[in-house]
């Protein structure tokens, strides 16, 4: 067996390890963050279960930390009190980004983790199976229910050689994106092996598994070896470490080899993580902003790398440089060893330990300004600036470019490989991680006025007559469907309010037209719903009356979220896509019967008079969920 199969087989509840078959696995740990957590805990609360049934559940506050009104502070208070009452650990705002802190303090080889954030596979760097999912799936896992998924193919990426000067783990994952694209990981788990992994520290491995989300992969996994052991020992968690390696004769569905010796510094140009170019191809292009941080590149090692390049120098006058430490642990350590002073002296702006600019929560670049970011996504306008020009790169490329004011190949400045060894011991202070109350019956859950009841869909009707209110192209992201940013994120616990922003970046009139229609569908292209795990990109459209999405193909998490909220994902051919126009009226005469009994759904375009069919690809369990009007209804009936 490979590492992936070993973990899945030890947690298998239903099905068999055959790619393409639906399976269910037990979940050991769950993770939520505040942008998705409030709704997830409202969903958990609706199940009436007093205490979580996982080995460990942690609630983090790292997204909505900008408190420009009462909404975010109210949500933080709600999350703290509901965690205390229901057996959940609570990481306070300022303690760090969920993925970085979970890697440091909770991730465990051989276990499973389900998180309401698409970058949850960050934790798979330690040899666990960490998967991102919608909040409702996570709520069910907290209730003791297994997680259902289609068994992915397991692809092995063999890393050979060693990174040279100016090359880092970020360049490795950008090379993978260059080869596979943002849809190349759909239906797959990426497992890393080869002699090259022996030279990658755990935080470096986490950079790679984190951005596996940009491939559309279910997860990305490293084995648990001596590098893993060294990290756990330094975190004073050696007792949590176990070795987990693939068998010598382990088989994979396919294999890819990457020679690290031949890699060069890479970046992802606007506006997709797979729009990969060599840094030298755009070297010399003026920049106005550099941002170092986010869950993919904010570790102690990343910050030390930037500090080493910047020490004793000043950033260019035309550049604004911000640093977002990934955890309080990392921030405290660079404070004590003097690296923070080096960053400040160079001209860096130090932000709090949070997601910050990565999700458009501050630091939006100026108009027509090139922004170099060590983040994982550069979707259009995600930064908060319309028509932004965001490039993704490594901390080495970012720091070197901050000094020169233009895109710079770090090898022009860094002549030898920068090696940041793991500390013999990390600074351990878990005082900002609050354990659940030992007297939960005395805890009162505090709810602010912005927290609204969870909307529920009715069961699927026998037939549907609906309107195509929007037709979009390929690679529509969850940012396109349900934007984030400082203005919209505080509304995550208020579905009526946040629904006014659905597709607002694509078509500002969508909300009004969808609501007026009473029943509508969206027409999409390839890889519809790529990106974040945010279930609001399905929940808010459901609230507006979206009955189905007709697309050429779907991203995994978003397809699951659509099903969870009773929206039917229908796969159509290019011919059908081309034949249907925005504004067409569609009639599904036997939709409930066909969902229950058939493999395809028949529908009529009453505007053109044509009849079409679409595949739903639902498992037997998913058919029942759609018929019930969503997962919550299905669970209640069950």
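Every read-out reported here was derived from the displayed coordinates using simple, explicitly stated rules and does not represent laboratory data. Here the structure is a predicted model, which means the values were calculated and not measured. We place every Cβ from the backbone using ideal geometry, glycine too, and count neighbours over all the protein chains shown.
Can you give me the distance in nm between label points at residue 53 and residue 66, each placed 7 Å from the Cα along the Cα-to-Cβ direction?
4.0
Sorted by packing (mean other beta-carbon atoms within 10 Å per residue), highest first, where do 70-77, 233-240, 293-300, 478-485 land?
Descending packing order for the listed peptides: 293-300, 478-485, 70-77, 233-240.
Apply 1/(1 + (r/R0)^6) to the Cβ-Cβ distance of residue 419 and residue 285, taking R0 = 25 Å, and write down the FRET efficiency to the nearest 0.05.
0.30
Can you tell me which of 149-156, 322-329 comes out highest on packing, and rank the rest after it, using the mean Cβ neighbours within 10 Å?
The most tightly packed comes first, giving 322-329, 149-156.
In nm, give the distance between the simple-model label positions of residue 575 and residue 515, each being 7 Å from the Cα along the Cα-to-Cβ direction.
4.0
What number, in percent, do you get for the relative contact order of the range 372-511 if the mean sequence gap of Cα pairs under 8 Å and at least 6 apart is divided by its residue count?
Once divided by the residue count of the range 372-511, the mean separation gives 18 percent.
Counting DSSP beta bridges with both partners in the chain, what percentage is antiparallel, nearest 5?
DSSP beta bridges in the chain are roughly 35 percent antiparallel.
Quick one: check the C-alpha center-to-center distance for the range 363-424 versus the range 107-160, whole angstrom.
So the two Cα centres are separated by 28 Å.
Can you sort 192, 577 so the residue with the fewest Cβ neighbours within 10 Å comes first?
Exposure proxy ranking, most exposed first: 577, 192.
Go ahead and collect, in residue order, the members of the range 597-635 whose backbone nitrogen is under 11 Å from a label point 7 Å along the Cα-Cβ direction of residue 465.
Once the point is set 7 Å along Cα→Cβ of residue 465, 606 turn out to lie under 11 Å by backbone N, inside the range 597-635.
At what distance in angstrom do the alpha carbon centres of the range 513-559 and the range 602-638 lie from each other?
The two parts, judged by their Cα centres, are 13 Å apart.
Given (i) 30.9; (ii) 26.0; (iii) 34.2, which label gives mean projected area of the Cα convex hull in nm² as computed from the coordinates?
It is the value labelled (ii).
Need the C-alpha centroid separation for the range 244-279 versus the range 11-29, integer Å.
Going from one Cα centre to the other spans 27 Å.
Modelling each spin label as a point 7 Å along the Cα-to-Cβ direction, I'd like the residue 582/residue 18 distance in nm, to one decimal.
A separation of 4.4 nm, rounded to one decimal place.
Would you order 21, 535 from fewest to most other beta-carbon atoms within 10 Å of each residue's own beta-carbon?
Ascending number of Cβ neighbours within 10 Å: 21, 535.
So what is the relative contact order of the chain, in percent, for Cα pairs below 8 Å that sit 6 or more residues apart?
14
Within the range 447-482, which residues have the backbone N less than 12 Å from the label spot 7 Å out from residue 506 along Cα→beta-carbon, could you tell me?
The answer is 469-482, whose backbone nitrogens lie closer than 12 Å to the label point.
Sort 593-601, 367-375 by the packing proxy (mean of other Cβ within 10 Å over each peptide's residues), most packed first.
Sorting 593-601, 367-375 by mean packing, highest first, produces 367-375, 593-601.
Neighbouring Cβ atoms within 10 Å as the yardstick, rank 282, 522, 138 fewest first.
Ascending Cβ contact count within 10 Å gives the list 282, 522, 138.
Taking the chain as the reference, fit the longest principal axis to its C-alpha atoms, fit the long axis of helix 34-46 to the helix C-alpha atoms, and give the angle between the two in degrees, 0 to 90, nearest 10.
Taking Cα atoms only, the helix is inclined about 40 degrees.
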